[in-house]
Structure formats: structure tokens, C-alpha cells
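The values are calculated or read from the model by the stated rules, or taken from the named source; none is laboratory data. As the structure is a computational prediction, the values presented were derived from the model and not from experiment. All Cβ positions, glycine included, derive from the backbone under ideal geometry; neighbour counts span all protein chains shown.
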Amino acid sequence: MDIKDVSAIVTGGASGIGAAVSRMLASYGAKVVVADLQEDKGNALAKEIGGAFCKVDVTVTQDIINATEMAKSMGPVRVLVNSAGIGWAQRTVGKGGSYETAADLDAFKRVIAINLVGTFDCIRIVGTAMSTTEPLEHGERGAIVNIASVAAYDGQIGQASYSASKGGVVGMTLPIARDLSAIGVRINTVAPGLIDTPIYGQGEASQNFKANLEKGVLFPHRLGAPDELASMVVECIRNSYMNAESIRVDGGIRMPPK
């Protein structure tokens, strides 16, 4: 699928993996709506890539609609990348044996609400807009890529909520692809491993922490670069025969229990 001059929405697009995807889509000529809560970073990136910023909380349907309408004003909406997400780590049962020390249920629900329900809400809203676009060759109208995580498969101690949310994203990819085939929209999921983003911080402590993480990577023995992940996302969009797949991009890592 040629993405030149089409509109693309990238949730969580202001930083990290989302920013790398936004830049790469723009390099292929897409008009990108950076949908994020971070206004300063989002506006700066949108200006850099010739796109637009829309403040979006993916747990608020109206925010998603606002971003979709903005994208429609810029060109035919044919691309959605769901990169917004949060992490949370807490053991299921705490110490001491009191019910109060058990995992925070509200935190669990919050992770699910953003990472899984928010992703689905974006798919259903933006997918609806895609259904009204003119079909391309072979009836194609658009492509969606979700960002999951290897935690969907190899969740570590304390990652119950995060793994459940990302496992849900992986699990719904095929049934949604079957749904969206009726309107000519493809959907794939990319599950990154350890990607070197600002989430790990800076300085000597950060470098030591990342050096320890790298030990589990099969090959190459390093963290992944955001552009390496972004290139897979863009390939899933541009390759019209990629559909209903979940792909690990992780250097062969299989996460240990902790």
C-alpha cells in the first residue's frame, strides 16, 4: 500500500517507539497525526515532520474521534498505529497475608483500560473512518498495526496486568482481522522486545541497567533501536499481503522469570 499523502494516526506518537514510527511514516510521505497526552513533545514532533498534534487520552472515546476527524481533514485515513500504553509491576499476593497487601486491583484495571480497551476503541473508531475511504487496488482501504510486547508471551514476575493487556492485544488480532476483511482493512501486531528508548533513563546507572538486560538477547547482543521496530511497523502497513499476524521483534530474547 502506497502511504504517500495518506493520513496516519499514531497513538503514543510523541515519544519512544511511537515517535520513531511517526517519523518513519512521514519519511514515506504520510501525513501524521501525533495522538498523545504530551503536548510539548507532541507539538514539537508534529512540527518537525510536517504533521499535526492532537491531545488524546485513549480511554476517552471523544479524544479518539477528535484525532480521527483531524486526520480526515488532512487526507484519506488509511493508517492507524496503536502505540499508547503504560506498564505496571506488582506481585499478585503481597507479604504479610492481609488482603490489603494483595495487588492493587484499580492499577490492574487501569493498565487493561489503556493498553487493551483503549487499543480496541481506537481500532473501532478509526476503522469506521477507514470504511468510508475509497478502496485502492484489490479493495484495500487501510492498515492497522498494534504495538504489543514480548511480555504477551514471556511475562515476568509482577507483570500480570501488563502481560494480560498485551496478551489481549495479540489474542484479538486474528478475530479483528477477520472482522475488518469485510471493509478491506488489514491489521497486524508487532511485539517488541527490549527497545532502547528514554524509558530506561540516562547516565551511568541507566547504562549499567541496560548492559544487564542485553545479556538475555540471543543476537545481536544489544537493545533494539527504535527505528528497527518502526521499520517492521511500516512494513506491515506497506506490504498489502501482511494480515492477521503477530510478530516478535526482539533479537531472539525469551524473558526469564525476573
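Inspection of the range 197-209 identifies at least one residue that is closer than 25 Å to Tyr28 by Cα, crowded, with 17+ Cβ neighbours inside 10 Å and modelled with pLDDT under 95.
In the range 227-242, the qualifying residues are those that are over 15 Å from the mean Cα position of the chain (by Cα) and of a type outside the set (D, E, K, R), and the one that is nearest to Val190 (Cα to Cα) is Met242.
The sole residue among Glu69, Glu100 that is over 26 Å from Tyr200 (Cα atoms), more than 22 Å from the chain's Cα centre (by Cα) and acidic (Asp, Glu) is Glu100. So is Ala177 touching a residue at least 24 places away in the same chain (Cβ under 8 Å), closer than 21 Å to Met242 by Cα and either of a type in the set (Phe, Trp, Tyr) or in a strand (DSSP E or B) (or both) or not? No: the conditions fail for Ala177. Residue check: Ala84 meets all listed conditions (1) in contact (Cβ under 8 Å) with a residue 40 or more places away in the chain; (2) more than 18 Å from Ile114 (Cβ to Cβ); (3) of a type in the set (A, V, I, L, M, F, W, C) but one, namely (2). From the list Leu136, Leu174, pick out the single residue that is more than 24 Å from Lys4 (Cβ to Cβ) and either in contact with a Phe, Trp or Tyr (Cβ under 8 Å, 6 or more places away or on another chain) or not charged (D, E, K, R) (or both). Criteria check complete, one pass: Leu174.
Taken over the range 180-201, residues that are touching a residue at least 60 places away in the same chain (Cβ under 8 Å), of a type outside the set (S, T, N, Q) and within 17 Å of Ile86 (Cα to Cα) amount to 5.
For the residues Ala160, Ala191, Ala151, Ala230, the requirement of being out of contact with any Pro (no Cβ under 9 Å at 6 or more places or on another chain), surrounded by fewer than 20 Cβ atoms within 10 Å (Cβ to Cβ) and either within 28 Å of Val126 (Cβ to Cβ) or of a type outside the set (D, E, K, R) (or both) singles out Ala160. Residues in the range 44-62 that are among the charged types (D, E, K, R) and in a helix (DSSP H, G or I): Lys47, Glu48. From the list Gly87, Gly12, pick out the single residue that is at pLDDT below 95, closer than 30 Å to Ile157 by Cα and touching a helix residue (DSSP H, G or I) at 6+ places or on another chain (Cβ under 8 Å). Result of the check over Gly87, Gly12: Gly87. One residue is enough: does the range 26-43 have a residue meeting the conditions more than 26 Å from Val150 (Cα to Cα), of a type in the set (A, V, I, L, M, F, W, C), in contact (Cβ under 8 Å) with a residue 40 or more places away in the chain and part of a helix (DSSP H, G or I)? The answer is no, given that none of the residues of the range 26-43 is more than 26 Å from Val150 (Cα to Cα), of a type in the set (A, V, I, L, M, F, W, C), in contact (Cβ under 8 Å) with a residue 40 or more places away in the chain and part of a helix (DSSP H, G or I). There is no residue in the range 102-113 that is at pLDDT 95 or above, touching an Asp or Glu at 6+ places or on another chain (Cβ under 8 Å) and aliphatic (A, V, I, L, M).
Pull up the range 110-148, narrow it to residues that are polar (S, T, N, Q) and under 11 Å from Ile183 (Cα atoms), then point me to the one that is surrounded by the fewest Cβ atoms within 10 Å (Cβ to Cβ). Taking the candidates together, the pick is Thr132.
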